[in-house]
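For reference, the structure discussed in these notes is given below.
A short reminder: the numbers here are calculations on the coordinates, not readings from a lab. Keep in mind that this is a model prediction, so the values were computed, not measured. When we count neighbours, we look across all protein chains shown, and the Cβ atoms used for this are built from the backbone with ideal geometry, even at glycine.
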Amino acid sequence: MENRVNIGELDTLVTLKQVAISSGTQGEKKFTFTDYGEVFAKVERNVSELVSDTNLEEGQYIRLTIYKVPALTTRWQVVVSGRSYEITAIDPVSRFSPVCVLNLHAVS
């Protein structure tokens, strides 16, 4: 991917959800997601089929190109068109580019 992104390609409004980790009554970790904000993104969808426990399942993976958010981690979630996705990777386009690429997987 080159360093430049056409601003017109960032045409889909998505919601970033940050995570707060706390302890439950039994000492277990509890993850609470709250809205961080909305950003415009370039969405690239990829649907694949895989066999899991002898069942044919559909896996939906999405690549988002967004402007960098300093606090963003792979524990956050992204809502695209009303569906939640977990962030599996955050890839910089380059060290000097203001955008990054998020690899997402649908939350079951």
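Estimated from the Cβ-Cβ distance and a Förster radius of 22 angstrom, the FRET efficiency linking Gln60 and Thr15 is about 0.80. For the chain, set up a GNM with springs between Cα atoms under 10 Å and report which of Val19, Val69, Val80 has the largest fluctuation. Top of the fluctuation ranking is Val69. Dipole check for the chain: with +1 at the C-beta of Lys and Arg, -1 at the C-beta of Asp and Glu, and the Cα centre as origin, the magnitude is about 460 Debye. Using R0 = 30 Å, the C-beta based FRET efficiency linking Thr74 and Thr25 works out to 0.65.
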